[in-house]
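The values are calculated or read from the model by the stated rules, or taken from the named source; none is laboratory data. Model, not experiment: these values are computed from the prediction. Here the Cβ positions follow ideal geometry from the backbone for every residue, glycine too, while neighbour counts run over all protein chains shown. Only protein heavy atoms, including side chains, enter the accessible area calculation; ligands, DNA and RNA are left aside. Shrake-Rupley method; radii C 1.70, N 1.55, O 1.52, S 1.80 Å.
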Amino acid sequence: MYSTSLLIFTLLLTLASPAPAPSATASYTLIDNCSGASFLSCFDFFSSADPTHGFVHYLNQADAQAQNLFTITDDTVKISVDSTNITPDGRASVRLQSKKLYNRGLFVLDLVHMPASTCGSWPSFWTLGSAKPWPENGEIDIIEAVNTDTTNHMTLHTSDGCSITGAGGQGRVVTQNCFVGAAGQPANAGCGVESASAASFGSPVNAAGGGVYAMEWTAERIAVWFFPRGSVMGDLVAGTPDPSTWGPPDASFQGDCDLSTHFVDHSLLIDTTFCGDWAGSVWSSNPICSALAPTCADYVANNPAAFAESYWQINSLKIFSQW
Ligand SMILES: *[C@@H]1O[C@H](CO)[C@@H](O)[C@H](O)[C@H]1NC(C)=O
């Protein structure tokens, strides 16, 4: 029995080993379909202290499933936060990190719902090169904003020697230097692009029935598109994506940056944290949120029902490659 499995394993390896011949018009091939019941085969639950200092308690898989904060029903993945308990030590939530590491590719997240634009919340869909101390292997923030924001912020974080021009994207370049310690930029800002659409994050996305976010990472650039439900490109719906036909992305990161050295071995992450380095640090400057409670942690601890809409509901997550 052992030798039979070994034989099958060897056979699979042999079948899998020939690399596809490079072609002039390389098209994307689905390499990981992290959808429905397969979702869990792609991700681990990160349950350590939040590296971004959030007022959060990340659950392991057993606890997340026992508390119904991670469910898969009819091929739909739902990732929620605690919305019933007063939580003086941080609100229970989930942070998922892909088992596989990626270098370049096309990452497509089709969601029905994402955490709403809610005071205290800081949801994110992002990639992180974690093998070296942050940010030596880079970070790519695909979906991210805090508190009452409805505009998506797309950001790269790197070590020194990487900056962008922003040419080619529709969004507004907020900061150009991707180096987290760059002079003349807020600490850890990185290079950031704000979507041109004020309905690209949180509540308005949910009101539209969700949509599809796609991040293309090539040797030349990193680009992000968002297509609201009803405007999703046909090739994406068909599962044969060709970003060259999609028109200008929401953000296009290119310029004076060697992507192959600044972005290495990235895992894919999905999480919802609270307060911390971003949502917490801007709490007092948000008039809506600061009117609710003196501090972000105070609000998040004592208002569980406010987070009933702080969930991701995912139709599919697909990773494509042409290399
Ligand atoms: C991806 O996985 C989902 C869920 O299992 C499945 O319904 C779908 O057919 C898969 N897509 C492809 C192209 O394999």
Here, strands (runs of 3 or more DSSP E) confined to region 237-323 with at least 2 residues that are modelled with pLDDT of 95 or more and of a type in the set (G, A, S) are 251-253, 312-321
If we ask which residues in region 21-75 are within 20 Å of K100 (Cα to Cα) and either modelled with pLDDT under 95 or within 16 Å of the ligand (Cβ to nearest atom) (or both), their number turns out to be 16
Okay, strands (runs of 3 or more DSSP E) sitting entirely in region 50-152 with 1 or more residues that are small (G, A, S), I get 91-93, 95-98, 105-113, 121-129
Being modelled with pLDDT under 95 and open to solvent by less than 50 Å² (accessible area, probe 1.4 Å) narrows G202, G190, G168 down to just G168
Of the residues in region 224-236, those that are more than 12 Å from A214 (Cβ to Cβ) and either within 16 Å of the ligand (Cβ to nearest atom) or open to solvent by 70 Å² or more (accessible area, probe 1.4 Å) (or both) come to R229, G230, G234
Within region 85-105, residues surrounded by fewer than 24 Cβ atoms within 10 Å (Cβ to Cβ) and hydrophobic (A, V, I, L, M, F, W, C) come out as I86, A92, L101
